[in-house]
Amino acid sequence: WGDLGHQAIAYVAQDFLSSETKSWAQDILSDTSTSYLANYATWADTFKYTSAGSFSKPYHYIDANDNPPSSCSVDYDRDCDGGGCVVAAISNYTGIMQSDSSSTDQNQALKFLIHFFGDIHQPLHDEALEVGGNDIDVKYSGSSTNLHHIWDTNMPEQYAGGYSLSDARAWATELTQSIKSGDYSDQSDDWLDGMDIDDPKDSAMTWASDSNSYVCTSVFSESQSQIEKDMDLAGDYYDQALPVIQVQFAKAGYRLGAWLNLIATGST
Ligand code: DCM
Ligand code: DCM
Ligand code: DCM
Ligand code: ZN
Ligand code: ZN
């Protein structure tokens with residue numbers, strides 16, 4: 001996701017932290033502002049382009065070698081190669097948060113987790129085809145771009161009408177309300193199925209598989225007219241993608257909040 005998505009997801013997570021977890025996170029991040037998680041949600045996307053951070057580039061995704069739209073699946077042994085992947089990264093940085101590591105390492109691990117919970121919920125970050133859609137040229141409202149980028153950025157920004165921190169806060173407020181008492185209130189309990197703080201790898205695989213399923217049902221769905229080169233996707237394609245983006249932001253934020261509560265206090 002672009003900045004907007006990562007920041008909206010971090011704000012949803014903030015809305016579900018216990019007061020104890022909030023103090024714990026604010027202490028690690030040295031930030032007592034109202035955007036104490038959201039302020040660090042995009043740090044990993046800056047860090048990966050530095051020479052010190054280039055090792056972390058593969059940590060933003062898992063290249064599922066499945067066969068959409070007829071067959072979607074993620075397999076850790078098949079898809080998480082030697083260089084690492086988002087599932088392994090969530091597992092490893094969770095381990096650092098749980099261990100007696102330095103405050104510098106805890107600070108970096110928490111910033112990675114805030115970001116990777118977002119990326120694992122972007123369906124094309126759980127897909128190998130055409131480099132997660134980066135090699136599929138499309139147009140969006142007349143601009144030349146690619147399929148990956150419209151999921152990361154163009155479609156979320158069309159909904160929000162901008163990409164500032166206040167746009168992210170406003171969207172997160174809608175999502176939190178849907179989770180607490182709106183459209184998502186019945187399903188949100190199920191979003192924590194498979195979450196086990198003592199098995200971060202299997203937990204993250206549950207979220208990767210869930211996200212990857214949308215590659216078959218939405219990103220490249222059969223019911224969709226075939227995505228042809230340079231097709232403009234700002235119309236009907238956006239209309240069917242938006243509910244997926246919305247629910248994936250909501251799940252990412254809700255799961256991140258629960259995960260941090262588990263790390264900090266042992267209960268969600
Ligand atoms: N990005 C950046 N600098 C670049 C290229 C991209 O900061 N030279 C940002 C733009 C998006 C994010 O990275 O916000 C997308 O990263 P990814 O596609 O890995 O999620
Ligand atoms: N950005 C964004 N949406 C835009 C333009 C920029 O989310 N429409 C973000 C992505 C990058 C940062 O701002 O992280 C800088 O973008 P760029 O390198 O495109 O100027
Ligand atoms: N990406 C992905 N799967 C890959 C390679 C990249 O999901 N196999 C993502 C990471 C960035 C975007 O695509 O969000 C662009 O990546 P890059 O900047 O490496 O071209
Ligand atoms: Zn991306
Ligand atoms: Zn990323």
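The values are calculated or read from the model by the stated rules, or taken from the named source; none is laboratory data. Everything numeric in this text was worked out from a predicted model, so none of it was measured. Every residue, glycine among them, receives a Cβ derived from its backbone with ideal geometry; neighbour counts consider all protein chains shown. Ligands, DNA and RNA are stripped out before the accessible areas are found, and what is left, the full protein with its side chains, is counted by its heavy atoms. Shrake-Rupley method; radii C 1.70, N 1.55, O 1.52, S 1.80 Å.
Residues are listed down the side, and each one gets a yes or a no for (1) within 16 Å of ligand 1 (Cβ to nearest atom); (2) touching a residue at least 24 places away in the same chain (Cβ under 8 Å):
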| site | (1), (2) |
| --- | --- |
| Trp1 | yes, yes |
| Leu4 | yes, yes |
| Ala8 | yes, yes |
| Asp15 | no, yes |
| Gln26 | no, no |
| Leu37 | no, yes |
The residue that is farthest from ligand 1 (Cβ to nearest atom), considering only those in region 132-152 that are assigned to a strand (DSSP E or B) and either touching a residue at least 12 places away in the same chain (Cβ under 8 Å) or within 15 Å of His60 (Cα to Cα) (or both), is Lys139
Consider only pairs whose beta carbons are under 6 Å apart and that are at least six residues apart or on different chains; among these, list those whose first residue lies in region 153-179 and is in contact (Cβ under 8 Å) with a residue 24 or more places away in the chain and assigned to a helix (DSSP H, G or I) and whose second residue is away from ligand 2 (no atom under 13 Å from the Cβ) and of a type in the set (Gly, Ala, Ser). Met155/Ala241; Leu175/Ala250; Ile179/Ser188; Ile179/Ala250
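For every residue, the table says whether it meets (1) within 16 Å of ligand 2 (Cβ to nearest atom); (2) under 24 Å from Ile263 (Cβ atoms); (3) at pLDDT below 95.
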residue	(1), (2), (3)
Lys22	no, yes, no
Leu29	no, yes, no
Phe55	no, yes, no
Cys72	no, no, no
Asp81	no, no, yes
Gly95	no, yes, no
Asp100	no, yes, yes
Quick one: would you say Ala234 is at pLDDT 95 or above, crowded, with 16+ Cβ neighbours inside 10 Å and assigned to a loop (DSSP other than H, G, I, E, B)? yes
Which condition from (1) away from ligand 3 (no atom under 12 Å from the Cβ); (2) open to solvent by 10 Å² or more (accessible area, probe 1.4 Å); (3) among the hydroxyl-bearing types (Ser, Thr, Tyr); (4) under 17 Å from the mean Cα position of the chain (by Cα) is the one that Ser143 breaks? (4)
Considering each of Leu256, Leu262 in turn, give the residue that is assigned to a helix (DSSP H, G or I), of a type in the set (A, V, I, L, M, F, W, C), farther than 24 Å from His148 by Cβ and modelled with pLDDT of 95 or more. Leu262
Quick check on region 53-66. Is at least one of its residues open to solvent by 70 Å² or more (accessible area, probe 1.4 Å) and within 14 Å of ligand 4 (Cβ to nearest atom)? yes
Which of the residues belonging to region 14-46 are within 16 Å of ligand 4 (Cβ to nearest atom), open to solvent by less than 30 Å² (accessible area, probe 1.4 Å) and assigned to a helix (DSSP H, G or I)? Ala44
Checking Asp167 against (1) within 17 Å of the chain's Cα centre (by Cα); (2) within 16 Å of ligand 2 (Cβ to nearest atom); (3) surrounded by 19 or more Cβ atoms within 10 Å (Cβ to Cβ), the condition it does not meet: (1)
Residue check for Glu222: of a type in the set (D, E, K, R) and out of contact with any Pro (no Cβ under 8 Å at 6 or more places or on another chain): no
Condition set part of a helix (DSSP H, G or I) and touching a Phe, Trp or Tyr at 6+ places or on another chain (Cβ under 7 Å), scope region 61-101, selection farthest from Ser221 (Cα to Cα): answer is Tyr93
Selection over region 211-231 where residues are farther than 18 Å from Gly5 by Cβ, in a helix (DSSP H, G or I) and of a type outside the set (Val, Ile, Thr) yields a count of 2
Within region 1-13, considering residues that are open to solvent by less than 50 Å² (accessible area, probe 1.4 Å) and over 18 Å from Gly257 (Cβ atoms), the one nearest to ligand 2 (Cβ to nearest atom): Gly2
Is it true that some residue in region 118-128 is within 16 Å of ligand 1 (Cβ to nearest atom), under 21 Å from Met205 (Cα atoms), more than 14 Å from the chain's Cα centre (by Cα) and surrounded by fewer than 24 Cβ atoms within 10 Å (Cβ to Cβ)? yes
Per-region count, region 211-227, residues open to solvent by 40 Å² or more (accessible area, probe 1.4 Å) and within 19 Å of the chain's Cα centre (by Cα): 3
